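What follows is a short report on a single structure.
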């Protein structure tokens with residue numbers, strides 16, 4: 001781990017043991033997040049993005065889920081083997097998370113104020129008066145007016161955009177070192193989405209906070225990312241700086257994702273879509289997981305899983321196309 005690395009995920013594997021078989025939701029995933037850096041995990045639904053985040057937070061329900069291998073190091077602390085007490089101390093304090101659906105993540109029978117002040121009582125040990133004052137400031141920080149009225153409101157009384165801002169306020173309440181945002185703009189319209197992204201960028205820069213952003217939206221990635229991790233079928237298949245990924249994507253899957261994105265001022269009769277389906281995570285074959293959908297597949301791709309290799313400075317790809325010729329023959 002380098003001096004400025006705040007989170008280091010090494011060969012993480014999280015599986016779910018079901019009646020139908022073992023679902024390998026996250027399979028040998030490695031990446032790191034540095035201080036003040038925004039790392040985006042991108043990929044289709046079901047590729048393991050959210051399970052990776054839940055694994056980091058220690059929120060995988062056992063059974064049926066279990067981290068079966070790997071390491072998760074936060075400031076050199078081992079999160080996988082940490083006690084429940086230590087994880088509780090970290091969650092909401094040093095590491096916070098914005099969950100995907102604010103309407104289902106917030107408690108409908110508690111006021112907004114009660115939900116914002118909870119981590120302030122738990123981690124910062126504030127008095128009731130101090131916690132309310134801090135909660136009002138946080139509501140105003142995330143750009144919501146009528147802060148005192150909102151403090152006493154219930155979730156059903158607020159719009160989706162306001163609820164997402166409240167989720168951000170709760171996540172920021174203890175000034176975390178790392179913010180994990182799981183699809184924070186999915187349910188929002190484009191205008192509100194842009195406002196939320198701008199808000200996250202401003203707060204991150206003001207606090208020199210690290211951010212792990214999970215999304216399937218390449219527009220969001222281009223807007224906020226410093227570094228990009230591309231996942232497919234539970235594995236990292238490419239990772240590099242945002243410029244590397246957008247200007248010079250190496251993996252056929254990454255190329256397909258970028259090709260399927262609408263481009264301003266380019267009219268097409270039909271948007272490109274990657275052919276085929278994501279493989280069944282219960283029945284993964286010992287081959288490149290993208291094999292059946294790849295236009296560049298070779299015989300070696302169907303017989304073994306490629307390892308990540310360095311194709312440029314800090315740009316890695318797991319694809320047989322970039323292995324040495326003697327390895328392929």
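None of the figures in this text is laboratory data; all of them are computed from the coordinates on show. Owing to the predicted nature of the structure, the values given are computational and were not obtained by experimental measurement. Quick reminder, even Gly has a Cβ in these numbers, built from the backbone with ideal geometry, and neighbours come from all protein chains shown.
Tabulated values for the structure
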quantity: Ranking of 114, 307 by count of other Cβ atoms within 10 Å, fewest first; calculated: 307, 114
quantity: Choice from 286, 108, 63 showing the highest fluctuation, given a GNM over the chain with Cα pairs closer than 10 Å; calculated: 63
quantity: Burial ordering of 88, 165, fewest other beta-carbon atoms within 10 Å first; calculated: 88, 165
quantity: Additional length obtainable on full extension of the chain from residue 186 to residue 84, 0.36 nm per residue less Cα span; calculated: 33.6 nm
quantity: Label point at residue 20 placed 7 Å out along Cα→Cβ; residues across the stretch 283-301 whose backbone nitrogen lies under 13 Å; calculated: 283-284
quantity: Peptides ranked, highest mean first, by Cβ atoms within 10 Å: ranges 242-250, 122-130, 173-181; calculated: 173-181, 242-250, 122-130
quantity: Average projection area in nm² (convex hull over Cα atoms of the stretch 95-173, one quarter of hull surface); calculated: 4.7
quantity: Ranked list, fewest to most other Cβ atoms within 10 Å of each Cβ, for 159, 241; calculated: 159, 241
quantity: Taking the stretch 95-173 and dividing mean pair separation by its residue count, relative contact order in percent (alpha carbons under 8 Å, at least six apart); calculated: 46
quantity: Translational diffusion of the stretch 86-232, µm² s⁻¹ [Kirkwood Rh, Cα pairs; Stokes-Einstein; 20 °C; 1.002 mPa s]; calculated: 138
quantity: Isotropically averaged projected area of the stretch 259-319, using the convex hull of Cα atoms (one quarter of hull area), nm²; calculated: 6.3
quantity: MRE, 222 nm, helices only [DSSP H, n ≥ 4, -39500 (n - 2.57), over the chain, to nearest 500]; calculated: -9000 deg cm²/dmol
quantity: For peptides 17-23, 101-107, sequence by mean Cβ density within 10 Å, most packed first; calculated: 101-107, 17-23
quantity: Debye log10 I(q)/I(0) for the stretch 1-84, one point scatterer per Cα, at q = 0.13, 0.20, 0.23, 0.24 Å⁻¹; calculated: -0.41, -0.92, -1.17, -1.24
quantity: Residue 68-residue 129 FRET efficiency (beta carbon distance; Förster radius 41 Å; 0.05 resolution); calculated: 0.30
quantity: Candidates 193, 157, 75, ranked by Gaussian network fluctuation over the chain, Cα under 10 Å, top entry; calculated: 157
quantity: Mean projected area (nm²) of the alpha-carbon convex hull when the chain is viewed from all directions; calculated: 18.9
quantity: Beta bridges per DSSP with both ends in the stretch 1-139, % antiparallel, nearest 5; calculated: 95
quantity: Length-normalised contact order of the chain in % [C-alpha pairs under 8 Å, at least 6 apart]; calculated: 20
quantity: Convex hull volume per residue for the stretch 175-329, taking Cα atoms only, in Å³; calculated: 155
